[in-house]
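Participant: My questions all concern the structure below.
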Amino acid sequence: MNEFELQGRTALVTGGAKGIGRACCQRLAAAGSKVAVNYLSSEAAAGEVVEQIEAGGGQAIACRADVSSPEQVRAMIDHIQEELGSIDLLVNNAGVFDFLAHDQTSLDVWQRSLNVNLTGCYLTSWAVKDGMIERGFGRIVNISSIAALSARPMSIAYAVSKAGVVGLTKSLAVAVAEHNVRVNAVAPGLIDTEIIASVDRGVLDGLIAATPMKRIGQAAEIAELVLFLLSERSSFMTGQTLVASGGRVTLP
């Protein structure tokens, strides 16, 4: 593997200040990419990621935008292109999660999940795909979830939004494949990030017990898969969803 296999590329990671997004920013920068760290409310954390990348000799900027807002996404893309150049690599990671029973899943919860988790992927992908097509190069990785692949009665809105991400990945991948634009997804299982803080400890212990590998995954492990899908090591892959769940969910 070339240590700097993404040298000369520019990457945008949405929700890049914390968790899986943060790990992706760090890993892509280590592989030589310039990195735009998107955030909504975690300004200090995004600044820390930029500082870490710059301290390692890389180039990065933080950019605030609500990925569910067309106007904010467009302004963010314009800013990144002015500062770092055309966007070659996109990681759609920004997301929200609610652990709620069906009778607590209000319309507001439903719409928020779809707007951020699914429409956010659409807006950012559509904002960069035409440029990728014009240049004849682009790589997009969407962060889905194993919640998309099996019933999740305590997170219905989240599960539906992440299932939509899988569908978007498949269809967009086929639509743009002839232009050397590849679109893939990763479906993580239980990962040690801030998003699981709202899950009851007893429920968490039950999920770990139900995981064949008997542990929680690490954000850095997901970042390695993202790098693989963005790199030419996955050159004959598009429209695929890679599951990383410690064996808790397996595809046929």
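Participant: Give me a count of the residues in the range 225-252 that are of a type outside the set (Phe, Trp, Tyr) and surrounded by fewer than 15 Cβ atoms within 10 Å (Cβ to Cβ). Spell out the reasoning first.
Facilitator: Kept after step one, since they are of a type outside the set (Phe, Trp, Tyr), are these residues of the range 225-252: 225-227, 229-235, 237-252.
Those still in the list that are surrounded by fewer than 15 Cβ atoms within 10 Å (Cβ to Cβ) too: 232-233, 235, 237, 247, 250-252.
Residues in the range 225-252 being of a type outside the set (Phe, Trp, Tyr) and surrounded by fewer than 15 Cβ atoms within 10 Å (Cβ to Cβ): 8 in total.
Participant: Looking at the structure I just gave you, is ALA219 touching an Asp or Glu at 6+ places or on another chain (Cβ under 8 Å) and in contact (Cβ under 8 Å) with a residue 12 or more places away in the chain? First the steps, then the outcome.
Facilitator: Numbers: touching an Asp or Glu at 6+ places or on another chain (Cβ under 8 Å): yes; in contact (Cβ under 8 Å) with a residue 12 or more places away in the chain: yes.
Taking the combined requirement at face value, the residue satisfies it.
Participant: In the range 142-157, is there at least one residue being in a strand (DSSP E or B) and in contact with a Ser or Thr (Cβ under 8 Å, 6 or more places away or on another chain)?
Facilitator: Within the range 142-157, the subset in a strand (DSSP E or B) is 142-143.
Filter again for in contact with a Ser or Thr (Cβ under 8 Å, 6 or more places away or on another chain), leaving 142.
Yes, there is a match, as at least one residue in the range 142-157 is in a strand (DSSP E or B) and in contact with a Ser or Thr (Cβ under 8 Å, 6 or more places away or on another chain).
Participant: Could I ask something else about it? Looking at the range 160-181, can you tell me whether even one residue there is at pLDDT below 95 and either within 15 Å of the chain's Cα centre (by Cα) or among the polar types (S, T, N, Q) (or both)?
Facilitator: no
Participant: Determine whether ALA46 is out of contact with any helix residue (DSSP H, G or I) (no Cβ under 6 Å at 6 or more places or on another chain), free of Cβ contacts under 8 Å to residues at least 40 places away in the same chain and either farther than 23 Å from GLU82 by Cα or crowded, with 19+ Cβ neighbours inside 10 Å (or both). Break it down stepwise before answering.
Facilitator: On the way: out of contact with any helix residue (DSSP H, G or I) (no Cβ under 6 Å at 6 or more places or on another chain): yes; free of Cβ contacts under 8 Å to residues at least 40 places away in the same chain: yes; either farther than 23 Å from GLU82 by Cα or crowded, with 19+ Cβ neighbours inside 10 Å (or both): yes.
For ALA46, the condition - out of contact with any helix residue (DSSP H, G or I) (no Cβ under 6 Å at 6 or more places or on another chain), free of Cβ contacts under 8 Å to residues at least 40 places away in the same chain and either farther than 23 Å from GLU82 by Cα or crowded, with 19+ Cβ neighbours inside 10 Å (or both) - is met.
Participant: Anything in the range 72-99 that is surrounded by fewer than 20 Cβ atoms within 10 Å (Cβ to Cβ), closer than 17 Å to ALA148 by Cβ and not β-branched (Val, Ile, Thr)? List them, or say none.
Facilitator: Narrowing the range 72-99 to residues surrounded by fewer than 20 Cβ atoms within 10 Å (Cβ to Cβ): 72, 74-75, 78-79, 81-83, 85-86, 96, 98-99.
When the remaining residues are screened for being closer than 17 Å to ALA148 by Cβ, the result is 96, 98-99.
Selection gives ASP98, PHE99.
Participant: Considering only residues that are of a type in the set (Ser, Thr, Tyr) and surrounded by fewer than 12 Cβ atoms within 10 Å (Cβ to Cβ), which ones fall in the range 194-224?
Facilitator: Keep residues of the range 194-224 that are of a type in the set (Ser, Thr, Tyr), which gives 198, 211.
Residue satisfying the conditions is SER198 alone.
Participant: Quick one: in the range 120-141, of everything that is more than 13 Å from the chain's Cα centre (by Cα), assigned to a helix (DSSP H, G or I) and in contact (Cβ under 8 Å) with a residue 40 or more places away in the chain, which residue is farthest from THR10 (Cα to Cα)?
Facilitator: Step one: filter the range 120-141 for residues more than 13 Å from the chain's Cα centre (by Cα), giving 123, 126-138.
Filter again for assigned to a helix (DSSP H, G or I), leaving 123, 126-135.
From what is left, the residues that are in contact (Cβ under 8 Å) with a residue 40 or more places away in the chain are 123, 127-129, 131-133, 135.
Numbers: LEU123: 18, ALA127: 15, VAL128: 12, LYS129: 14, GLY131: 13, MET132: 12, ILE133: 15, ARG135: 13 Å.
Only one residue tops the list, namely LEU123.
Participant: Now, a different point. Would you pick out the residues in the range 167-193 that are closer than 14 Å to THR241 by Cα and buried (at least 19 other Cβ atoms within 10 Å of the Cβ)?
Facilitator: The answer is LEU168, THR169, LEU172, ALA173, ARG182, VAL183, ASN184, ALA185, VAL186, ALA187, PRO188, GLY189.
Participant: A further question on this structure: Could you count how many residues in the range 77-108 are part of a loop (DSSP other than H, G, I, E, B) and farther than 21 Å from GLY19 by Cβ? Break it down stepwise before answering.
Facilitator: Going residue by residue through the range 77-108, those that are part of a loop (DSSP other than H, G, I, E, B) are 85-88, 93-101, 105-106.
Now restrict to residues that are farther than 21 Å from GLY19 by Cβ: 85-88, 101, 105-106.
Selection size over the range 77-108: 7.
Participant: Condition (residue is under 19 Å from the mean Cα position of the chain (by Cα), more than 29 Å from SER155 (Cα to Cα) and either assigned to a helix (DSSP H, G or I) or modelled with pLDDT under 95 (or both)) applied to the range 63-76: is it met by at least one residue?
Facilitator: Quick first cut of the range 63-76, residues under 19 Å from the mean Cα position of the chain (by Cα) only: 63-70, 72-74, 76.
In the following step, the residues that additionally are more than 29 Å from SER155 (Cα to Cα) were identified as 63, 74, 76.
From what is left, the residues that are either assigned to a helix (DSSP H, G or I) or modelled with pLDDT under 95 (or both) are 74, 76.
Checking the range 63-76: at least one residue is under 19 Å from the mean Cα position of the chain (by Cα), more than 29 Å from SER155 (Cα to Cα) and either assigned to a helix (DSSP H, G or I) or modelled with pLDDT under 95 (or both).
The values are calculated or read from the model by the stated rules, or taken from the named source; none is laboratory data. All values reported here derive from a predicted model rather than from experimental measurement. FYI the Cβ positions are ideal-geometry reconstructions off the backbone, even for glycines, and counts take in every protein chain you see.
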